[in-house]
Amino acid sequence: MAQDLKRSLTIAGHRTSLSLEAEFWEALNAAARAENKSLAVLVGEIDATRGERNLSSAIRVWLLRRAQAPQQ
């Protein structure tokens with residue numbers, strides 16, 4: 001059974017920890033590279049728009065929507 005990987009980041013001036021499966025960490029890092037952003041900046045942007053979702057869930061949903069978006 002796959003285990004979540006926990007990472008700590010500083011976003012919006014505060015430290016936070018996230019637990020995501022390895023595949024989601026890989027996809028998130030690839031998205032940050034593709035958008036020429038640091039991981040912390042990208043996670044901060046997702047955090048700012050997540051609403052009531054917890055941050056890990058918001059990241060998974062953001063990655064899903066990104067994957068489903070028409071390629072430009």
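None of the figures in this text is laboratory data; all of them are computed from the coordinates on show. Because the structure is predicted, anything quoted here is derived from the model rather than measured. Every residue, glycine as well, gets a Cβ built from its backbone with ideal geometry; the counts of neighbours run over all protein chains shown.
When the chain is treated as a GNM, springs tying every alpha-carbon pair under 10 Å, which of ARG33, ARG15, ARG60 comes out with the largest mean-square fluctuation? Sorting by GNM fluctuation, first place goes to ARG15.
Between THR10 and GLU35, the simple label model (points 7 Å from Cα in the Cβ direction) yields a spacing of 2.1 nm. A Stokes-Einstein calculation at 10 °C with viscosity 1.306 mPa s, built on the Kirkwood radius of the chain over Cα pairs, returns a diffusion coefficient of 126 µm²/s. Taking every C-alpha pair closer than 8 Å and separated by at least 6 residues, the mean separation divided by the residue count of the range 1-64 gives a relative contact order of 28 percent.
Other residues whose C-beta falls under 13 angstrom from the C-beta of LEU39 contribute a net charge of -1, scoring Lys and Arg +1 and Asp and Glu -1.
For the pair ALA22 and LEU64, a Förster radius of 25 Å applied to the C-beta separation gives a FRET efficiency near 0.90, rounded to the nearest 0.05. For TRP62, the shell of other residues with beta-carbons less than 12 Å away shows a net charge of +2, using +1 for Lys and Arg and -1 for Asp and Glu.
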